[in-house]
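Asks: I'd like to ask some things about the structure below.
The values are calculated or read from the model by the stated rules, or taken from the named source; none is laboratory data. For clarity, every value in this text was computed on a predicted model and none was experimentally measured. Here the Cβ positions follow ideal geometry from the backbone for every residue, glycine too, while neighbour counts run over all protein chains shown.
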Amino acid sequence: MDFEFTKEQRDIAKAAREFAEKEFTDRAEEFDRDETFDESIFKKAADLGFVGIFLDEEYGGPGFGMMEQCILHEEFAAVDLGIGVAVTSAAFGAEAIQMFGTEEQKRKYLPLVPTGEAIMGSAFTEPDAGSDLAAVSTSAVRDGDEWVLNGSKMFITNGTRADLLVCLVVTDPDNPKRHNRHSMVIVETDRPGFEANKLHGKLGIRASDTAEVALSDVRIPYSNLLGQEGSGFSVATSCFNLNRIGVAAQALGLMRACLAESLKYVKKRSVFGAPLSTYQATQMKLADMYTSIRAARSMVYEAAWRIDQGKTDHALVAATKAFCGQNAVRCADMALQLQGGYGYFADSKVSRIYRDAKITEIYEGTTEIEKMIVAKSVLA
Ligand SMILES: Cc1cc2nc3c(=O)[nH]c(=O)nc-3n(C[C@H](O)[C@H](O)[C@H](O)COP(=O)(O)OP(=O)(O)OC[C@H]3O[C@@H](n4cnc5c(N)ncnc54)[C@H](O)[C@@H]3O)c2cc1C
């Protein structure tokens, strides 16, 4: 067993950290306040090779594994999760095309992702179907050599930025098995009948675009089917295994930021005539954060390593996502508490982390859903 990163992985971490510190630090507060993002940061990230790092060389990427993706998520989130998501999520959905696409689909779409020419997204959730994905009702009806799409999608990351969305749709509504009713399709967002509206007022990750999407008689070629007809649910599940570990790594990055901000603050703040760092109540919080970070790191990189070895452990993935999300929220709470009233104000970094952290318990499967997966596994 080797618990060390390779030299290449350490180099990736260093490059990602330096990029984030240089490009994210001074803009994070502005993007958070205004719910905006500067696409020039994304372009720079693409130029430096930070977008779609899991894409194979033949499709323009370096072909890195889950370990390296987690390193990137962790380092970006340690500086600012909202901007980190705005950068990394541009390849969201490309993993589905790489895993399940035809050679023609891969050659057509994937090379546009690492260069930043095309921004992607994955549209599964609907107003009445979140945790229960089999309740997705957006329909795709075959008409000759086309699909005609009707329905709406909710909370779609990059909804108004994306050039391409991988969409979960119903193609066989009468199938008695509800998990076999769906298919995955690739939707180009410039098609007539496609409409996306940015959702405002998110609690956190406000640099990241979240939108609702309406599909009204959107026609796409039949060949935009991704994978087999009826396999949409299992395509989505395969993507979850990868993206859930990415979110857990984001949570790990946030925990690191909590500890770093806390250390800075408690050493300089004096209460009752002594630095805050000298009190046991403070030290317990620092020790708890450190412990969460070490446990989270072990879980994230073991789960990622297993994926890279082709030995995906579904229960470990779900447990890791749940543990990391909950502990990011807990660490953010402790970090804010340590800063008292100063932490409570919007311009403090810990107040942003506090708001950002919650999303790691919601997207890509809520903590409750992850625990249901773990429980099912342990009971079996
Ligand atoms: C900022 C943001 C970005 C997102 N990006 C995307 C995206 O790009 N693409 C996409 O498809 N989706 C995206 N989502 C959607 C996200 O994945 C869903 O919000 C999430 O899966 C939960 O679904 P829901 O919101 O409908 O909640 P619900 O499924 O309605 O759940 C509500 C609550 O009930 C709990 N619950 C559900 N079922 C059970 C049960 N059986 N037992 C006990 N408790 C249960 C849940 O854990 C949760 O606490 C995004 C969401 C947000 C907020």
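Asks: Going by the conditions given, is Ile186 away from the ligand (no atom under 16 Å from the Cβ), buried (at least 19 other Cβ atoms within 10 Å of the Cβ) and outside any loop (DSSP other than H, G, I, E, B)? Spell out how you get there, then give the answer.
Replies: Numbers: away from the ligand (no atom under 16 Å from the Cβ): no; buried (at least 19 other Cβ atoms within 10 Å of the Cβ): yes; outside any loop (DSSP other than H, G, I, E, B): yes.
So Ile186 does not fit the description; no.
Asks: Something else now. Please enumerate the residues belonging to region 304-323 that are under 15 Å from Phe64 (Cβ atoms) and surrounded by fewer than 24 Cβ atoms within 10 Å (Cβ to Cβ). Walk me through how you get there before you give the answer.
Replies: Our first condition is that a residue be under 15 Å from Phe64 (Cβ atoms); within region 304-323, this holds for 304-305, 307-309.
Trp305, Ile307, Asp308, Gln309 - these are the residues of region 304-323 that are under 15 Å from Phe64 (Cβ atoms) and surrounded by fewer than 24 Cβ atoms within 10 Å (Cβ to Cβ).
Asks: Could you check how many residues of region 173-183 are touching a strand residue (DSSP E or B) at 6+ places or on another chain (Cβ under 8 Å) and not in a strand (DSSP E or B)?
Replies: 2
Asks: Next question. Quick one: Tyr59 ticks every box in (1) within 16 Å of the ligand (Cβ to nearest atom); (2) among the hydroxyl-bearing types (Ser, Thr, Tyr); (3) over 30 Å from Ala260 (Cα atoms); (4) crowded, with 19+ Cβ neighbours inside 10 Å bar one, so which box is it?
Replies: (1)
Asks: Further question on the same structure: Cβ-Cβ under 7 Å, sequence separation 6+ or interchain: first residue in region 8-20 and among the charged types (D, E, K, R), partner in a helix (DSSP H, G or I). Which pairs?
Replies: Between residues of region 8-20 that are among the charged types (D, E, K, R) and residues that are in a helix (DSSP H, G or I), the close pairs are Arg17/Glu75.
Asks: Would it be correct to say that Leu254 is at pLDDT 95 or above and under 18 Å from Thr367 (Cα atoms)? Show your work before the answer.
Replies: Details: at pLDDT 95 or above: yes; under 18 Å from Thr367 (Cα atoms): yes.
Spelling it out, Leu254 is indeed at pLDDT 95 or above and under 18 Å from Thr367 (Cα atoms).
Asks: Taking Phe155 as meeting all but one of (1) within 15 Å of the ligand (Cβ to nearest atom); (2) without any contact (Cβ under 8 Å) to a residue 60 or more places away in the chain; (3) assigned to a strand (DSSP E or B), write down the number of the exception.
Replies: (2)
Asks: Looking at region 105-118, is at least one residue more than 23 Å from the chain's Cα centre (by Cα) and at positive phi? Even if it seems obvious, please write down each step before you answer.
Replies: Start the filter on region 105-118 by keeping residues that are more than 23 Å from the chain's Cα centre (by Cα), which leaves 105, 107-108.
Filter again for at positive phi, leaving none.
Within region 105-118, none of the residues are more than 23 Å from the chain's Cα centre (by Cα) and at positive phi.
Asks: Determine which member of the set Val136, Val141 is under 19 Å from Asn180 (Cα atoms), more than 7 Å from the ligand (Cβ to nearest atom) and either at pLDDT below 95 or surrounded by fewer than 17 Cβ atoms within 10 Å (Cβ to Cβ) (or both).
Replies: Val141
Asks: So for region 223-246 (the condition being outside any helix (DSSP H, G or I), within 16 Å of the ligand (Cβ to nearest atom) and over 30 Å from Asp38 (Cβ atoms)), does at least one residue qualify?
Replies: yes
Asks: Output the number of the condition that Thr125 fails; it satisfies all remaining conditions of (1) of a type in the set (Val, Ile, Thr); (2) surrounded by fewer than 23 Cβ atoms within 10 Å (Cβ to Cβ); (3) within 13 Å of the ligand (Cβ to nearest atom); (4) under 18 Å from Arg219 (Cα atoms).
Replies: Of (1) of a type in the set (Val, Ile, Thr); (2) surrounded by fewer than 23 Cβ atoms within 10 Å (Cβ to Cβ); (3) within 13 Å of the ligand (Cβ to nearest atom); (4) under 18 Å from Arg219 (Cα atoms), only one is false for Thr125: (4).
Asks: Considering (1) among the hydrophobic types (A, V, I, L, M, F, W, C); (2) within 18 Å of the chain's Cα centre (by Cα); (3) farther than 22 Å from Ile205 by Cα, say which one Val148 fails and leave the rest.
Replies: (2)
Asks: Turning to a different aspect of this structure: How many residues does region 309-349 hold that are on the phi < 0 side of the Ramachandran plot and in a loop (DSSP other than H, G, I, E, B)?
Replies: 9
Asks: Also, quick follow-up: Which condition does Leu263 not pass, out of (1) at pLDDT 95 or above; (2) touching a helix residue (DSSP H, G or I) at 6+ places or on another chain (Cβ under 6 Å); (3) not aromatic (Phe, Trp, Tyr), if it passes all the others?
Replies: (2)
Asks: Name every residue in region 189-221 that is assigned to a loop (DSSP other than H, G, I, E, B) and surrounded by 12 or more Cβ atoms within 10 Å (Cβ to Cβ), in order of residue number.
Replies: Once the filter is applied, which keeps residues that are assigned to a loop (DSSP other than H, G, I, E, B) and surrounded by 12 or more Cβ atoms within 10 Å (Cβ to Cβ), region 189-221 yields Thr189, Arg191, Gly193, Leu199, Lys202, Leu203, Gly204, Ile205, Arg206, Ala207, Ser208, Asp209.
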